[in-house]
Structure formats: C-alpha cells, structure tokens
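Sending over a structure as structure tokens; questions will come in a sec.
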Amino acid sequence: MSRLIVISNRVQAPTEESGSQGGLAVALTAALRSTGGVWFGWSGEVGETTEPRFATFDGVTSATVDLPEQDVEEYYDGYANRTLWPLFHYRLGLTEFERDFEGGYERVNRVFGDVIAPHIEAEDLVWVHDYHMIPLGWFLRQRGLTNRLGFFLHIPWPPTRLLTALPQHRRLVEALFAYDVIGFQTQEWLETFHDYVVREMGGAIGEDGEITVGGRTIRAIACPIGIDAKEFMANAFGPEASSAFDRMVTSSMGRSLIIGVDRLDYSKGLEERFNGYQRYLETHEDAHSNVYLLQIAPPSRASVQSYRDIREKLDAMSGRINGAFADIDWVPLRYVNQGYPRPVLAGIYRAARVGLVTPLRDGMNLVAKEFIAAQDPEDPGVLILSRFAGSAEQLQEALIVNPYSPDDIADAIARALAMTLDERKSRWRPMFDGIVKHDVSWWTDKFCTALAAD
Ligand code: ADQ
C-alpha cells in the first residue's frame, strides 16, 4: 500500500500536548496510521528555520516548518485570509488585492515545495488541503515529482464572474492542473469549477469527472466531507457531555434552547442570525421567557481588520437585543466568545431544541452534522440550515432558510419550536443515517481511492 503524504497549512496530527482532535484530524491521522506517511505544514510559529521538524506520536509522523514574519503577513494573513477567503465566500467588498500578498503566497508555496519534495518517495500518494496551498502541486512538479497528487478544497469554489476579479485568476487555476485529482465539497462547487474551465480556459468536461485543458487531463470530483459520526454520538452520551447537558438543562429552567456554534467569521452569518432572532422576538411576544439563544463564537483571525469589525458589531448587537427584550429573570441571548472541548459541545447540542446554522456561504459546515449526530433519537431537536451551506445538499430534511432574510429565520424558529415529536423524528432520522453512512472515513476513502486510481 502506498504511503500517504498530507500537506495542509496547519498540522493537526496528535502530539503529547494536543487534547481531543476534531473529525478531520481524526480521519487523516487514522489514514496516516494505516498507510504510514507524514503530515506536513506550518507550525503556526514565526521563525527562520526552513528544515522541517519531525515528530512521531501515536503512530503518526508530523513535520512542521516555521514561517518568517513577512510570510505570515503576506501569505497567511494576506493572500489566504484577506484575498482568497473573502473572494471564495462571495465577499468581493471585503477582498483585498495586493501584489505583495500574492508574492508572499507564491513564495511560501515554493518554499513548502522545496522543503517537502526531498521527503516524498516514488510511490507516495500526496494529498494537499485547502486554499492556502493551491499552487503547491505545481511547485512539487517543478521539483520533478511524478507522484499522484491530489487537492481538496474545503471552501466554496466561486462563480466565474467573481473569480475573474482576482488579477491572477488564470494563473491560480492553471496551477490546479498540476494535480491528478481535485475534490470539492459539493456538486455545486464542482459545476462552478467546470464553468470556469470551459469559459475561461476552453477546457472540455468528459465522463467520470475528467477535465481536459490543453492536452492535460485531470479528474475533479464532488466529495463532501463528513464527521466522525459514531464517535461524536458516543461522545454526546459520555460523562463529559452528560455533565454539560445537565448544566444546560438546569440553567435553561424549562426554556427551549436555540444553539449556534461558529468560529467568529463574517461568512457564518452571525449578524444576520441575530437580526433574524430579533425579528422572532419582535413578532412572538408570547414566546418571551420561554426560549433563549445561546451563541458560542470563539474569535478567529483577530489580526485581520474585518474580523475585528464583525466582533465589535456582534458585541453591540447582543447588547442591544438584551437591552430591548431582557426581563429581570430572562436573558434572550447568551453570547459566549470561547471554544469548548468537543464532548462538551456534544452535550450542549443535545440539550438544544433548535440548531441554528445560517452561514451566508460555507464549503460544508460541520456544526450542522455534529448537531444532528448529538441528538437523542427519541427526542431530537430541529436543524435550521442555510441554503448556502454546502451541507444543505445532503441535509435536505432540515428547515432550509435564506440566511439573509430575518423573516425567513424568524418563521423557521417559530416552526421548529412548534414542531411535533413525530415530525422531528421523521426529519432527523434520514439526516442521521446519511451522516453515519457518509462519515469522515468514507470521505478519506473516497478521495484516496480516486487519487490512487490511475
Ligand atoms: P470552518 O470554517 O472552521 O471549516 P466548520 O465546518 O463549521 O467551519 O467547522 C468548525 C469546527 O470547529 C467544527 O468541528 C466545530 O465543532 C468546531 N467549533 C466551532 N466553534 C467551536 C467552539 N466554540 N468550541 C469548540 N469547537 C468549535 C472549513 C470550511 C467549512 C468546512 C470545514 C471542513 O469553512 O465549510 O466544513 O472546513 O472541510
């Protein structure tokens, strides 16, 4: 069996210090453990060392490099988080176009290629992850690598007309053709990619995902990422989750809990969600004191101005909503800016009557799947899901909403809170079955099988 080489911006292989891992890390480490191989990436530290530091823990080897300050600014904070992330989430107004960012992005990808290439053996399968590393495959080919190279995009692929706003769009997409297999989260992103290839590159789409441009044929597939469903469900009934569940039940005092859990990011639609919840409170006075929204949102990317802006806005909005509606014994919105261990989150999800997942645009959104996995089969909560989350392609029994519409969100909250047990069960069951079937191991297998197939 070929070894697997995983390359991503940040390495999530287990270390002696790391606590419980997320689903993606669990799946990739399991794959690495069974095939052998290495997980390469940035250490997250600023430094000048370009030699990778290898560490093996629990049967998995990771290799990390530091990045100089300028690279962190131009590659990570810059091109990745201020150019590609907003653009790929349809936020042209937040997208910054700086030549220095683009230069830093290429430089870091080239250095990664130089550093990693000597450690790749002839039969290794190489799997590169996400928008930070799009040109890496091209740089690896420059170093003479003939291995099977795969790339998976965790975020949406933008519509052609939007992508062409990027000065070097063609160069970026051409670099993708260094890979043998490209994976997208949904059929929709795959089709928008096809559209670019046909319109802008004169490419041809063949059978079984084959794409030919200028004599080079690669394969592009839709391969939706899953969660570690069984483990997450077991977690939801374990001791740590049960104590979080009890804590929520006690502090809810009989009120229905609506839960939101997101990284604090403008793509997650938190501002619009608060507006929708406010609309619900305005139009359902009878429900006051019977319901509350708990929004958990740990800050992320705080060095980027647009993230500081959204945080300030949400602080102000949560204050305004509570100021307008709270009573001496009821706070309608609990807004918490910290992360929680996965089992604790699982217990909180289980205690919730409604899961509110309303991103404005999201590659997949794993919170939606975690919420479903954590529910009590005999008394499941209701998922309200944005039509613009990649997961909406799979979770069709959720209450699907337009996240931009406060009325839509308010109506869905009212409908979810009034839903009968029978309807809740009949909506939850197929979603749960789908999540178990298409879990994160299914996802790694599907991608790696496509990658291994010549
Ligand atoms: P993210 O944008 O980070 O990922 P998401 O899919 O929602 O978004 O994953 C977030 C993960 O972080 C979940 O596992 C969640 O439990 C965890 N998390 C969120 N808030 C937390 C908190 N307060 N405490 C602890 N954990 C918390 C990107 C893409 C997504 C895509 C994933 C995976 O943007 O669209 O689904 O990659 O491909």
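The values are calculated or read from the model by the stated rules, or taken from the named source; none is laboratory data. Computed from a predicted structure; not experimentally measured. A quick note on method: Cβ atoms are made from the backbone with ideal geometry, for glycine too, and the neighbour counts reach across all protein chains shown.
Condition check ((1) touching an Asp or Glu at 6+ places or on another chain (Cβ under 8 Å); (2) within 16 Å of the ligand (Cβ to nearest atom); (3) modelled with pLDDT of 95 or more) across all residues:
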{"position": "ILE258", "(1), (2), (3)": "no, yes, yes"}
{"position": "LEU281", "(1), (2), (3)": "no, no, yes"}
{"position": "HIS288", "(1), (2), (3)": "yes, no, no"}
{"position": "ARG301", "(1), (2), (3)": "yes, yes, no"}
{"position": "GLY323", "(1), (2), (3)": "no, no, yes"}
{"position": "PRO332", "(1), (2), (3)": "no, no, yes"}
{"position": "PRO343", "(1), (2), (3)": "yes, yes, no"}
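Exactly one of (1) over 16 Å from VAL261 (Cβ atoms); (2) of a type outside the set (Lys, Arg); (3) surrounded by 19 or more Cβ atoms within 10 Å (Cβ to Cβ) is unmet by ASP329. Its number?
ASP329 satisfies all of (1) over 16 Å from VAL261 (Cβ atoms); (2) of a type outside the set (Lys, Arg); (3) surrounded by 19 or more Cβ atoms within 10 Å (Cβ to Cβ) except (3).
Further, regarding this structure: Scan GLU240, GLU191 and give me the residue that is in contact with a helix residue (DSSP H, G or I) (Cβ under 6 Å, 6 or more places away or on another chain) and either under 18 Å from TYR349 (Cα atoms) or at pLDDT 95 or above (or both).
Every option except GLU240 fails the conditions.
A further question follows. For PHE97, only one of the following conditions fails: (1) of a type in the set (Phe, Trp, Tyr); (2) assigned to a helix (DSSP H, G or I); (3) under 14 Å from LEU166 (Cα atoms). What is its number?
It is condition (2) that PHE97 fails.
Here's another thing I want to ask about it. List every residue pair whose Cβ atoms lie under 6 Å apart, where the two residues are 6 or more positions apart in sequence or sit on different chains, the first residue falls within the stretch 144-162 and is in contact (Cβ under 8 Å) with a residue 12 or more places away in the chain and closer than 25 Å to SER267 by Cβ, and the second residue, located anywhere, is among the small types (Gly, Ala, Ser) and within 16 Å of the ligand (Cβ to nearest atom).
PHE152/GLY183; HIS154/GLY363; ILE155/GLY363; PRO156/GLY363
Is it the case that the stretch 225-233 has a residue that's without any contact (Cβ under 8 Å) to a residue 12 or more places away in the chain, more than 30 Å from GLN305 (Cα to Cα) and either surrounded by 14 or more Cβ atoms within 10 Å (Cβ to Cβ) or away from the ligand (no atom under 16 Å from the Cβ) (or both)?
no
Enumerate the pairs (first residue in the stretch 340-367 and without any contact (Cβ under 8 Å) to a residue 40 or more places away in the chain; second residue anywhere and in a helix (DSSP H, G or I) and of a type outside the set (Asp, Glu)) with beta-carbon separation below 7 Å, excluding pairs fewer than 6 apart on the same chain, so at least 6 apart or on different chains.
ASN365/GLY390; ASN365/SER391
Looking at the stretch 19-30, is at least one residue touching a Phe, Trp or Tyr at 6+ places or on another chain (Cβ under 7 Å), away from the ligand (no atom under 15 Å from the Cβ) and either in contact (Cβ under 8 Å) with a residue 40 or more places away in the chain or within 27 Å of ASP309 (Cβ to Cβ) (or both)?
no
Further, regarding this structure: So TYR79 ticks every box in (1) without any contact (Cβ under 8 Å) to a residue 40 or more places away in the chain; (2) of a type outside the set (A, V, I, L, M); (3) within 16 Å of the ligand (Cβ to nearest atom) but one. Which box is left unticked?
TYR79 satisfies every listed condition except (3).
Which residue is nearest to the ligand (Cβ to nearest atom), if the candidates are limited to the stretch 379-392 and must be more than 15 Å from the chain's Cα centre (by Cα) and touching a residue at least 40 places away in the same chain (Cβ under 8 Å)?
This residue is LEU383.
Can you tell me which residue in the stretch 119-134 is surrounded by the most Cβ atoms within 10 Å (Cβ to Cβ), limited to those that are within 26 Å of the chain's Cα centre (by Cα) and more than 16 Å from the ligand (Cβ to nearest atom)?
Ranking the qualifying residues of the stretch 119-134, first place goes to VAL126.
May I pose another question? Could you tell me whether VAL198 is more than 28 Å from the chain's Cα centre (by Cα), of a type in the set (Val, Ile, Thr), surrounded by fewer than 20 Cβ atoms within 10 Å (Cβ to Cβ) and over 30 Å from HIS438 (Cα atoms)?
no
Can you tell me which residue is nearest to the ligand (Cβ to nearest atom) among those in the stretch 135-148 that are closer than 23 Å to TRP85 by Cα and in contact with a helix residue (DSSP H, G or I) (Cβ under 6 Å, 6 or more places away or on another chain)?
LEU136
A follow-up question, please. From the list GLN396, GLN375, which one is away from the ligand (no atom under 14 Å from the Cβ), surrounded by fewer than 17 Cβ atoms within 10 Å (Cβ to Cβ) and of a type outside the set (A, V, I, L, M)?
Among GLN396, GLN375, only GLN396 is away from the ligand (no atom under 14 Å from the Cβ), surrounded by fewer than 17 Cβ atoms within 10 Å (Cβ to Cβ) and of a type outside the set (A, V, I, L, M).
Could you list, in sequence order, the residues of the stretch 260-279 that are in contact with a strand residue (DSSP E or B) (Cβ under 7 Å, 6 or more places away or on another chain), within 16 Å of the ligand (Cβ to nearest atom) and among the hydroxyl-bearing types (Ser, Thr, Tyr)?
Listed by number, the list holds a single entry, SER267.
Additional query: Determine whether ILE258 is farther than 30 Å from ALA316 by Cα and of a type in the set (Val, Ile, Thr).
Considered against the rule, which asks whether it is farther than 30 Å from ALA316 by Cα and of a type in the set (Val, Ile, Thr), ILE258 comes out as no.
Would you check if there is a residue in the stretch 347-360 being surrounded by fewer than 23 Cβ atoms within 10 Å (Cβ to Cβ), touching a Lys or Arg at 6+ places or on another chain (Cβ under 8 Å), at pLDDT 95 or above and more than 24 Å from MET253 (Cα to Cα)?
The answer is yes, given that some residue of the stretch 347-360 is surrounded by fewer than 23 Cβ atoms within 10 Å (Cβ to Cβ), touching a Lys or Arg at 6+ places or on another chain (Cβ under 8 Å), at pLDDT 95 or above and more than 24 Å from MET253 (Cα to Cα).
Okay, moving on. Tell me which of these THR212 doesn't satisfy, since it passes every other one: (1) touching a helix residue (DSSP H, G or I) at 6+ places or on another chain (Cβ under 8 Å); (2) farther than 30 Å from PRO341 by Cβ.
Result: THR212 fails condition (1) only.
Among the candidates SER8, SER34, which residue alone is closer than 22 Å to TYR179 by Cβ and not β-branched (Val, Ile, Thr)?
Just one listed residue meets the conditions, SER8.
Next question. Taking VAL181, is it touching a strand residue (DSSP E or B) at 6+ places or on another chain (Cβ under 9 Å) and closer than 17 Å to TRP42 by Cβ?
no
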